1. With a 1.4 Å probe and all protein chains left in place, how much of the accessible area of segment 6-87 comes from carbon and sulfur atoms, in whole percent?
2. What is the percent of Cα-Cα separations in segment 29-110 that go past 20 Å?
3. At 7 Å along Cα-to-Cβ for each site, give me the label-to-label distance between Gln85 and Val22 in nm.
4. Rounded to the nearest 0.05, what FRET efficiency do Ile66 and Asn92 give with R0 = 30 Å and r taken as the Cβ-Cβ distance? Could you check?
5. Just to verify a number: FRET efficiency for Phe108 and Ala52, C-beta to C-beta distance, R0 = 22 Å, to 0.05?
Amino acid sequence: MLSPKRSRSLYALTPREIAKGVASRIVYSQYYIVLYLAFAALSTTTVVLSLADGCPGSLFYILEFIVNAAMIVEVSIRFVAFGSQFWKSPFNVVDLGLTCLCVITILFIFFSGCSNISKEEELLDTFLLVARNVLQFGRLATVMRRSGQLD
């Protein structure tokens, strides 16, 4: 005797739909803005540490790693939440570029070392960190305005 084939419920969600739902809840939550404020504060701290010390210490690298990892996770969450719509927003494309800029900045600073750094390289390091922060604060203002926090 043949057993009937079990069919899936029409109301069951696929793993992809579940991931998209969770990502959307994160993106549209109030905690998202708090998280973005924390990113900006940590990023500003790294600029201050970079300008205060001649040579970045381990605290600088730890904070940079946290900021970069968090930005990669944040952009990935938005990519999952928005799907193909991700590419239609210029802010998402700018954020993806900003995340790449952050990774390039930390790699450049990490591999340039302290003992053999020239004035031009030090100026470039500082410029990249400041440019990243300006773009991040602009993005933060946009996120807050879109969520109704800056009315």
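The values are calculated or read from the model by the stated rules, or taken from the named source; none is laboratory data. Because the structure is a prediction, the values reported are computed rather than measured. Neighbour counts run over all protein chains shown; Cβ positions are idealised from the backbone, glycine included. Please note that ligands, DNA and RNA were not included when accessible areas were found on the heavy atoms of the full protein model with its side chains. Shrake-Rupley method; radii C 1.70, N 1.55, O 1.52, S 1.80 Å.
1. So the carbon and sulfur contribution to the accessible surface is 70 percent.
2. Details: 1227 of 3321 pairs.
Summing the P(r) tail past 20 Å for segment 29-110 gives 37 percent.
3. 2.0 nm
4. It comes out at approximately 0.85.
5. Once the sixth-power term is evaluated, E becomes 0.70.
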